[in-house]
1. Here is a list: Ala106, Ala127, Ala43, Ala95. Which entry is more than 15 Å from the chain's Cα centre (by Cα), aliphatic (A, V, I, L, M) and either modelled with pLDDT of 95 or more or assigned to a loop (DSSP other than H, G, I, E, B) (or both)?
2. Go through the residues of region 135-149 one by one and say whether even a single one is part of a helix (DSSP H, G or I) and basic (Lys, Arg).
3. One residue is enough: does region 134-150 have a residue meeting the conditions modelled with pLDDT of 95 or more, over 17 Å from Ala61 (Cα atoms) and of a type in the set (Lys, Arg)?
4. Quick one: Asp118 ticks every box in (1) assigned to a helix (DSSP H, G or I); (2) under 13 Å from Arg81 (Cβ atoms); (3) of a type in the set (Asp, Glu) except a single one, so which number is it?
5. Evaluate region 18-28: report whether one residue or more is within 21 Å of Asp112 (Cα to Cα), open to solvent by less than 80 Å² (accessible area, probe 1.4 Å) and touching an Asp or Glu at 6+ places or on another chain (Cβ under 7 Å).
6. Out of all the residues in region 1-40, which are part of a loop (DSSP other than H, G, I, E, B) and over 24 Å from Asn96 (Cα atoms)?
7. Name every residue in region 58-82 that is crowded, with 23+ Cβ neighbours inside 10 Å, assigned to a helix (DSSP H, G or I) and either in contact (Cβ under 8 Å) with a residue 60 or more places away in the chain or hydrophobic (A, V, I, L, M, F, W, C) (or both), in order of residue number.
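The values are calculated or read from the model by the stated rules, or taken from the named source; none is laboratory data. Everything numeric here is computed off the predicted structure, so don't read it as measured data. Cβ atoms come from the backbone with ideal geometry, glycine included; neighbour counts cover every protein chain shown. Ligands, DNA and RNA are stripped out before the accessible areas are found, and what is left, the full protein with its side chains, is counted by its heavy atoms. Shrake-Rupley method; radii C 1.70, N 1.55, O 1.52, S 1.80 Å.
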Amino acid sequence: MVGTILKGLSRVRWHELTHAYGSAEEVPGRLSRVAWGDALTSASALSDLGLWLGELSVFDATAEAVPFLWDLAVTDAVASRAGVVQLLMTILEQANPPRLDVQYAAHQAVLDGRGLADRLADDGDPAVQAAAQDLMAAIDNHACAACRPAGP
């Protein structure tokens, strides 16, 4: 597992991205704590990520983080997988009206993981399974101003 999850994390220019409270340079460290931390460490780091990336709005760092969140959600060794899936749903529900391009990118990153959500809906962990089923319903019914196809 080591070396396969969060692959490419160091290639993202996090210091150039923003989240709810400013620079996103600490996002990789929190993603790593979710990945390799014990239950308490993982939950704490996930809480930070929730505040930074999705609870208030979505940001450019959100769109970059979503593929890594999907990676964490499907890795059995991650302690807080159900919480990761719930964060993905929170991201899909949030907006950024002044930055519809950012909102679109963040939402598309979640929508692109639909196949992974389907796989998680059959997970052995009931909490992951329930969160994934909720996320699949949200993905299947998603319609927002940023994601609607342009009219003719």
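1. On the way: Ala106 fails: more than 15 Å from the chain's Cα centre (by Cα); Ala43 fails: more than 15 Å from the chain's Cα centre (by Cα); Ala95 fails: more than 15 Å from the chain's Cα centre (by Cα).
Result of the check over Ala106, Ala127, Ala43, Ala95: Ala127.
2. Going through region 135-149, the residues part of a helix (DSSP H, G or I) turn out to be 135-140.
Of the ones still in play, those that are also basic (Lys, Arg) are none.
Within region 135-149, not a single residue is part of a helix (DSSP H, G or I) and basic (Lys, Arg).
3. The answer is no; no qualifying residue exists.
4. So the condition that Asp118 fails would be (2).
5. No, every residue in region 18-28 fails to be within 21 Å of Asp112 (Cα to Cα), open to solvent by less than 80 Å² (accessible area, probe 1.4 Å) and touching an Asp or Glu at 6+ places or on another chain (Cβ under 7 Å).
6. Filtering region 1-40 down to residues part of a loop (DSSP other than H, G, I, E, B) leaves 1-8, 12-13, 17, 20-21, 24-26, 37-38.
Of everything in region 1-40, those that are part of a loop (DSSP other than H, G, I, E, B) and over 24 Å from Asn96 (Cα atoms) turn out to be Met1, Val2, Gly3, Thr4, Ile5, Leu6, Lys7, Gly8, Gly37, Asp38.
7. Of everything in region 58-82, those that are crowded, with 23+ Cβ neighbours inside 10 Å, assigned to a helix (DSSP H, G or I) and either in contact (Cβ under 8 Å) with a residue 60 or more places away in the chain or hydrophobic (A, V, I, L, M, F, W, C) (or both) turn out to be Ala61, Ala65, Val66, Phe68, Leu69, Leu72, Ala73.
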